[in-house]
Amino acid sequence: MIPKKDMVILSHLRKNARMGLTEMSKASHMPVSTIHDRLKNYTGTYIHRNTALLNFASLGFTTRVSLLLRVHPKDKDALRQALSSAPMVNSLYKINNGYDFLAECVFRTMRDLEDFIEHLEQQHDVKAKQIFFVIDDLKREAFLADPQLIDLVDPAVPS
């Protein structure tokens, strides 16, 4: 179980990864040296990578979808590799309940989406698909992003 101090530091990072150590120290009531040392140890265990959340629409990518796919079992690995390497796939998940993959995809146009799906269906034995269009982000990447709510998320976290 991860100690509460670590959860607080990680929560501050989730809220604002560019927050300075001094500011984090003041907000968390921990010494800068403690935060620095713990952050060094998080890389590779708790932190996979640092990234930025982008507003895709403002960049001209106005078509966002969640794409559910079921494929013939013999074609799962090939489809996973194709989706993993496709630049328009923002996130990819292996799922259950009748589908194999959930792909969050971003496109400039509906035509680009249609071309992508057509290509997938030509190259892979797709048995079923569902497309859900993302209209608006209502909440995004907010889990563990508020240090004051850590006890509500996981009351078993030791202090």
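Bear in mind these aren't lab numbers, they're just calculated from the coordinates by the rules spelled out. This is a predicted model, so every value here is computed, not measured. Positions of Cβ are backbone-derived with ideal geometry, glycine not excepted, and every protein chain shown enters the neighbour counts.
Taken over segment 4-51, the convex hull of the Cα atoms encloses 66 Å³ per residue.
Diffusion coefficient of segment 25-67 by Stokes-Einstein, Kirkwood radius over Cα pairs, 25 °C, 0.890 mPa s: 178 µm²/s. Specify the inter-centroid distance of segment 29-49 and segment 66-110, based on alpha-carbon positions, in whole Å. That distance is 33 Å. Set against the labelled values (1) 1.06; (2) 0.95; (3) 1.32, Cα Rg over 2.2 N^0.38 Å computed from this structure falls on (3).
In deg cm²/dmol, rounded to 500, what helix-only [θ] at 222 nm does the chain give when every DSSP H run of at least 4 residues adds -39500 (n - 2.57) and the total is split over its residues? Provide the component values of the computation, followed by the final result.
Working: 6 runs with 59 residues, N = 159.
Taking each H run of at least 4 residues, the total per residue is -11000 deg cm²/dmol.
Backbone amide hydrogens, once placed in the peptide plane, bring Asn90 within less than 5 Å of Glu104, Cys105, Val106, excluding anything fewer than 5 places away on its chain. What is the calculated FRET efficiency for Leu21 to Thr51, with r their C-beta to C-beta distance and R₀ = 25 Å, to the nearest 0.05? Efficiency at R0 = 25 Å is approximately 0.80. For segment 2-88, the convex hull spanned by the alpha carbon atoms encloses 156 Å³ per residue. Each Lys and Arg Cβ is given +1 and each Asp and Glu Cβ -1; about its Cα centre, the chain then shows a dipole of about 420 debye. Positive end of the charge dipole of the chain (Lys, Arg +1 and Asp, Glu -1 on Cβ, about the Cα centre): tell me which of Ala142, Leu69, His36 has its Cα farthest that way. Final value for the positive-end residue is His36.
Between 0 and 90 degrees, the angle of helix 4-15 with respect to the longest Cα principal axis of the chain falls at about 50 degrees. Exceedance of the 20 Å cut-off in Cα-Cα distance is limited, within the set Lys76/Lys139; Lys74/Lys94; Lys76/Lys129; Lys4/Lys40; Lys15/Lys94, to Lys76/Lys139; Lys15/Lys94.
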